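The values are calculated or read from the model by the stated rules, or taken from the named source; none is laboratory data. Everything numeric in this text was worked out from a predicted model, so none of it was measured. Reconstructed Cβ throughout: ideal geometry from the backbone, glycine too, with neighbour counts over all protein chains shown. The accessibility values were calculated without ligands, DNA or RNA, using every heavy atom of the protein model including side chains. Shrake-Rupley method; radii C 1.70, N 1.55, O 1.52, S 1.80 Å.
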Amino acid sequence: MAVLGPNRYGKAETRVVRVTRHGDAHRIKDLTVSTSLSGDMAEVHLSGDNSAVLPTDTQKNTVFAFAKKHGVGAIEDFALLLARHFADSRPAIHHARVAVDEHAWERNGAFGHSFVRSGREVRTCVAHHDGTRSWVVSGLRDLVVLNTTNSEFWGFAKDEYTTLPETRDRVLATAVDAAWRHAEAPQDWDKTYENARGALLAAFADTYSLSLQQTLYAMGTRVLAECPGVCEVRLSLPNKHHFLVDLAPFGLDNDGEVFFAADRPYGLIEGTVLREDAPAAGPAWE
Ligand SMILES: O=c1[nH]c(=O)c2[nH]c(=O)[nH]c2[nH]1
């Protein structure tokens, strides 16, 4: 005998670009928006009665219409606006999850209308609304950083399969994937984002690292110190290995100058840093 378990549905990865025109100086917001609704959806699965289903096509249209009607400021505000709209739209819909990624563009020279896609990280957020309460997680991914020194890795456990040499000086590189949960909504989402990003970068640069795990903890701790409304930080850090190339066959020494940047396999270091008194996460990470 089968029973229906948890379920949700929505439109994934609607690509929307909102242009704002102030005379010749234009602004663009380039987003990928994913909506996901849940609630009283048993009948659609069990008997094919679609009366409770707000089509995913309608969800996509709402994203475009809201971009026009309300404009797009901080992605967290846009995500909350949509989540509240969907959760309040129909009695059968009890919960909305809206995820927004922002792709950064910079001005191309002095032209007000020309842009170049920025090499910056992708800014992310996920907002949930259940008709009464909201939860927001902000974050970023693909923030690629590298230290040419101040990183060691030694003293690790060894068994018959261990070949890794201990090192007192290595390149440390990673592509930061970070998300931080807000205990309360800040006044200014953009400012909090820049503070968190700055904290991650500063801690990566100024931590003398004995492992990427230690660096991860320092980065999470720094975000909590710099962003008072943030109660939990989750980090996923691929260890982008840089192997010293053996140049001896060519009669050359290699004093930390030439590296092979391997792309896979990579170590993957993941962890959470949270305030001791962090409130319960509820559905924030779902
Ligand atoms: O910072 C590191 N942590 C590890 O757990 C690990 N494992 C490994 O092979 N290299 C590294 N580096």
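GLU160: exposed (fewer than 12 other Cβ atoms within 10 Å of the Cβ), away from the ligand (no atom under 15 Å from the Cβ) and within 30 Å of GLY73 (Cα to Cα), yes or no? No.
Considering only residues that are surrounded by 16 or more Cβ atoms within 10 Å (Cβ to Cβ) and charged (D, E, K, R), look in segment 232-252 and name the one that is nearest to the ligand (Cβ to nearest atom).
The first filter runs over segment 232-252 and keeps only residues surrounded by 16 or more Cβ atoms within 10 Å (Cβ to Cβ), leaving 232-242, 244.
The next check asks that each one be charged (D, E, K, R); those that pass are 232, 234, 240.
On the way: GLU232: 23, ARG234: 18, LYS240: 11 Å.
Among residues in segment 232-252 that are surrounded by 16 or more Cβ atoms within 10 Å (Cβ to Cβ) and charged (D, E, K, R), the one nearest to the ligand (Cβ to nearest atom) is LYS240.
Conditions (1) touching a residue at least 40 places away in the same chain (Cβ under 8 Å); (2) in the same structural domain as ALA67 (by TED's automatic domain parsing); (3) open to solvent by 50 Å² or more (accessible area, probe 1.4 Å), marked per residue:
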position: VAL3; (1), (2), (3): no, no, yes
position: ARG15; (1), (2), (3): no, yes, yes
position: GLY23; (1), (2), (3): yes, yes, yes
position: HIS26; (1), (2), (3): yes, yes, no
position: VAL33; (1), (2), (3): yes, yes, no
position: GLY39; (1), (2), (3): yes, yes, no
position: GLU43; (1), (2), (3): no, yes, yes
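How many residues are outside any loop (DSSP other than H, G, I, E, B), basic (Lys, Arg) and touching a strand residue (DSSP E or B) at 6+ places or on another chain (Cβ under 8 Å) when one looks only at segment 150-196? Residues meeting the conditions: 1. Selection of segment 125-149 for residues being assigned to a loop (DSSP other than H, G, I, E, B) and in contact (Cβ under 8 Å) with a residue 12 or more places away in the chain yields ASP130, GLY131, ARG133, THR148, THR149. Here the condition is being farther than 13 Å from GLY139 by Cβ, free of Cβ contacts under 8 Å to residues at least 24 places away in the same chain and open to solvent by 10 Å² or more (accessible area, probe 1.4 Å); of GLN213, GLN187, it holds for GLN187 alone.
Filtered by the rule that a residue be over 23 Å from the mean Cα position of the chain (by Cα) and surrounded by 13 or more Cβ atoms within 10 Å (Cβ to Cβ), segment 259-286 gives a lone residue, PHE259.
MET219 meets each of the listed conditions (1) within 14 Å of the ligand (Cβ to nearest atom); (2) surrounded by fewer than 20 Cβ atoms within 10 Å (Cβ to Cβ); (3) within 20 Å of LEU143 (Cα to Cα) apart from (2).
Every test in (1) more than 18 Å from the chain's Cα centre (by Cα); (2) surrounded by 21 or more Cβ atoms within 10 Å (Cβ to Cβ) is passed by VAL176 save one, and that test is (1).
Please tell me if ALA225 is open to solvent by 40 Å² or more (accessible area, probe 1.4 Å), away from the ligand (no atom under 16 Å from the Cβ) and in contact (Cβ under 8 Å) with a residue 60 or more places away in the chain. Quick ask: steps written out before the conclusion?
Values: open to solvent by 40 Å² or more (accessible area, probe 1.4 Å): yes; away from the ligand (no atom under 16 Å from the Cβ): yes; in contact (Cβ under 8 Å) with a residue 60 or more places away in the chain: no.
Criteria not met by ALA225.
Considering (1) open to solvent by less than 40 Å² (accessible area, probe 1.4 Å); (2) within 22 Å of the chain's Cα centre (by Cα), say which one GLN59 fails and leave the rest. Exception for GLN59: condition (2).
Filter segment 111-152 down to residues that are of a type in the set (Val, Ile, Thr) and out of contact with any Ser or Thr (no Cβ under 9 Å at 6 or more places or on another chain) and give me whichever is surrounded by the fewest Cβ atoms within 10 Å (Cβ to Cβ).
Initial filter on segment 111-152 (of a type in the set (Val, Ile, Thr)): 116, 122, 124, 126, 132, 136-137, 144-145, 148-149.
Add one more test, that the residue is out of contact with any Ser or Thr (no Cβ under 9 Å at 6 or more places or on another chain), and what stays is 116, 132, 136, 148-149.
Details: VAL116: 10, THR132: 6, VAL136: 25, THR148: 13, THR149: 12.
Among residues in segment 111-152 that are of a type in the set (Val, Ile, Thr) and out of contact with any Ser or Thr (no Cβ under 9 Å at 6 or more places or on another chain), the one surrounded by the fewest Cβ atoms within 10 Å (Cβ to Cβ) is THR132.
Scanning segment 216-244 for residues that are under 27 Å from ASP169 (Cβ atoms) and not hydrophobic (A, V, I, L, M, F, W, C) returns TYR217, GLY220, THR221, ARG222, SER236, PRO238, ASN239, LYS240, HIS241, HIS242.
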